[in-house]
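Every read-out reported here was derived from the displayed coordinates using simple, explicitly stated rules and does not represent laboratory data. Please read all numbers here as calculations on a predicted model, not as lab measurements. Glycine also receives a Cβ, built like all others from the backbone with ideal geometry; neighbour counts cover every protein chain displayed.
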Amino acid sequence: MIRTGVLAQLRFPVERSLGRRFPESLPSFRNDFQRDRDRIVHSRAFRRLEAKTQVFPAGISDHFRNRLTHTLEVAQLARTAARVLGVDEDFTEALALAHDIGHPPFAHSGEVALNKILARFGERFEHNLHSLRIVESYEHRYAMYPGLNLSFEVREGIVKHSRDLPADYTGPLAEYLPGLRPPIEAQLIDLVDEIAYNTADVDDAHEAGFFKLAELAAAVPVAAELLEEVETNFPAAEERIHLHEMQRRLIDHLMRGLMEGTIAACQSAGVDSVDAVRAWPVRLVQFTAAAAETSAALKRFLHARVYHTQILVEERDQSMQAIERLFDFLLENPDQMPEGHSSDALPRRISDYIASMTDSYFRRVYSQMEPAFTPTLRS
Ligand code: MG
């Protein structure tokens, strides 16, 4: 059993927030992190997650995760971890809900395509940074300021949930405390995301018929143990039920490993405050060695048996090509883009425009503009 609240002294106290860019003093029955969480849920970019592919394209099955349902799964796991550890649940939830808000259409390939295209201009695309641009400038909801005017720590968490800024960093993100780790609440998101997508991808890939349970068991020792337990307890159940019974135990194993690993790391580091967490040279949210091995084995299995299968590779190639073609068309015909207020260079504005699209909106725009493509773009 994990004792609840062991890391309560590391909780980020909401009253210590560095605050919002534009000060607000509306009375509210919610604290600042709760308000941030609600602003994210009410944003357009959040609603658009519903029509963005997570891994498996909609159309093959109605039961696959999309980026919105993935986000809800991450939020639910993240809240559990925060509550058990004793850190701020609302702060964690806000970050979980925002963690993929800047994700382009077409799963991972959208990000790869935009990054490849921007490299031609000496730039790069990264969805964490695009998330920040969305919450800072692209959402227009409020009369008094652009964006969602989120608290500093939520913006910092969006930038740093999956990577730290080196101490000598001097770029446009320099306000986000380079050289310091983000609070535990933000550190949780990356590994909880990993638990959510590994286990969900196993489920969706099994639904899509990519493998048999025995093959998963042969590749992931913990899955083998859990399957044996499940098959012994429920010999008459069908394979799909065995998978689900195995999967809930697998999530439990990984979540337990995450919480135990984090408690052990914090205790052996001797950190007793948020400032000590920030100053510690490495992240303190960690898996136990056993959970890390299970997570790595799941990842290897998914790479070998799912992510590089022909159907997904073809889908990926097609969407990357389409993104590149639309980008090049807009580069020649920038007047075809909706007017914006951004002062960025054209390649970045096109990338932001495409990154904000849902899969379905991309297809609509693409088919509207395709007749005007030059022959080289069409081929
Ligand atoms: Mg994610």
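Tabulated data for the structure shown
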{"read-out": "Kirkwood Rh in Å, taken over the stretch 145-302 so that all alpha-carbon pairs contribute", "value": "17.7 Å"}
{"read-out": "Inverse mean reciprocal Cα-Cα distance (Kirkwood Rh) of the stretch 118-171, Å", "value": "12.7 Å"}
{"read-out": "Cβ-Cβ FRET estimate between residue 309 and residue 15, R0 fixed at 41 Å, reported to 0.05", "value": "0.25"}
{"read-out": "Net length gained if the chain between residue 6 and residue 170 were fully extended (0.36 nm per residue, minus Cα distance)", "value": "55.4 nm"}
{"read-out": "Under 5 Å, built H, 5+ apart or other chain: amide partners of residue 286", "value": "262"}
{"read-out": "For the stretch 220-379: Kirkwood Rh in Å [reciprocal of mean 1/r, alpha carbons]", "value": "20.8 Å"}
{"read-out": "3J(HN,Hα) from dihedral phi, the stretch 55-66, Karplus parametrisation 6.51/-1.76/1.60, rounded to Hz, x for glycine, proline", "value": "9, 9, x, 4, x, 7, 8, 7, 9, 5, 5, 10"}
{"read-out": "Sequence of 192, 159 once ranked by neighbouring C-beta atoms within 10 Å, starting from the fewest", "value": "159, 192"}
{"read-out": "Residue exposure sequence - 90, 272 - by fewest surrounding Cβ within 10 Å", "value": "272, 90"}
{"read-out": "Selection from 295, 285, 96 lying farthest towards where the dipole of the chain points positive, charges on Cβ", "value": "96"}
{"read-out": "Whole-Å distance, taken between Cα centres, linking the stretch 204-241 and the stretch 99-171", "value": "38 Å"}
{"read-out": "Lys, Arg +1 and Asp, Glu -1 on Cβ, resulting dipole of the stretch 169-251 about Cα centre, debye, nearest 20", "value": "200 debye"}
{"read-out": "Loop-resident sites, the stretch 300-361, for GluC sites (Glu not before Pro), counting at most 16 other Cβ within 10 Å (DSSP)", "value": "339"}
{"read-out": "Globularity index of the stretch 70-201, i.e. its alpha-carbon radius of gyration over 2.2 N^0.38 Å", "value": "1.08"}
{"read-out": "Loop trypsin sites (Lys or Arg not before Pro), the stretch 91-132 (other Cβ atoms within 10 Å of the site Cβ: 15 or fewer; DSSP)", "value": "120, 124"}
{"read-out": "Residues with amide H under 5 Å from that of residue 106, placed H, sequence gap 5 or more", "value": "53, 359"}
{"read-out": "Furthest towards positive pole of dipole, 253, 152, 182, structure part the stretch 17-378, Cβ charges", "value": "152"}
{"read-out": "3J(HN,Hα) from dihedral phi, the stretch 105-118, Karplus parametrisation 6.51/-1.76/1.60, rounded to Hz, x for glycine, proline", "value": "x, 6, 6, 5, 5, x, 5, 4, 5, 5, 5, 5, 5, 5"}
{"read-out": "Whole-Å distance, taken between Cα centres, linking the stretch 320-339 and the stretch 243-313", "value": "39 Å"}
{"read-out": "Cα-centred dipole magnitude for the stretch 239-357, charges only on beta-carbon of K, R (+1) and D, E (-1), debye, nearest 20", "value": "620 debye"}
{"read-out": "Anisotropy class of the chain from Cα gyration tensor, a/c 1.5 cut", "value": "oblate"}
{"read-out": "Cβ-placed point charges (K, R +1; D, E -1), dipole of the stretch 17-378 about Cα centre in debye, nearest 20", "value": "780 debye"}
{"read-out": "Sparsely packed GluC sites (Glu not before Pro) within the stretch 51-122, loop by DSSP, other Cβ within 10 Å at most 15", "value": "none"}
